[in-house]
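Before any comments, here is the structure.
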Amino acid sequence: CLDEEGKVHEFDSSWRTEDCDDCSCSRTGIGCCTSYMRPVDYDEEKCESIFNKETCSYKVVEKDDPSKECPVHSWVG
């Protein structure tokens, strides 16, 4: 399989992209999906979500004090 970056992958192999997608190669082609959950139910007036590309995860913190995490009631992936 040839991925969008031009790299060749063997059949039945899997990898994680720089954009945090999990991909796999089969004889029918490449399939990819996100490896992370996205926060969707939190106080968006008071808080903001920040994506960390190193850990492929979101953190939801207070806008006025980013050292304080906010509760998240629902995630989607």
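Are there any pairs, at least 6 apart or on different chains, whose C-beta atoms fall under 6 Å, with the first in segment 36-47 and closer than 14 Å to Ser74 by Cβ and the second open to solvent by 50 Å² or more (accessible area, probe 1.4 Å), and if so, which?
Here the result reads Met37/Trp75; Met37/Gly77; Arg38/Val76; Pro39/Tyr58; Pro39/Trp75; Val40/Val76; Asp41/His73, each pair linking segment 36-47 to a residue that is open to solvent by 50 Å² or more (accessible area, probe 1.4 Å).
For segment 17-33, give me each residue that is open to solvent by 60 Å² or more (accessible area, probe 1.4 Å) and either not in a loop (DSSP other than H, G, I, E, B) or not basic (Lys, Arg) (or both).
If the condition is that a residue be open to solvent by 60 Å² or more (accessible area, probe 1.4 Å) and either not in a loop (DSSP other than H, G, I, E, B) or not basic (Lys, Arg) (or both), then Glu18, Asp19, Thr28, Ile30, Cys32, Cys33 are the ones that fit.
Quick one: would you say Val40 is touching a Pro at 6+ places or on another chain (Cβ under 7 Å) and part of a strand (DSSP E or B)?
no
On the basis of being of a type in the set (Gly, Ala, Ser) and either open to solvent by 70 Å² or more (accessible area, probe 1.4 Å) or in contact (Cβ under 8 Å) with a residue 40 or more places away in the chain (or both), does Ser14 make the cut?
Yes.
The values are calculated or read from the model by the stated rules, or taken from the named source; none is laboratory data. If you're wondering where the values come from, they're calculated on a predicted model, not measured in any experiment. When we count neighbours, we look across all protein chains shown, and the Cβ atoms used for this are built from the backbone with ideal geometry, even at glycine. For accessibility, only protein heavy atoms count, side chains too; no ligands or nucleic acids. Shrake-Rupley method; radii C 1.70, N 1.55, O 1.52, S 1.80 Å.
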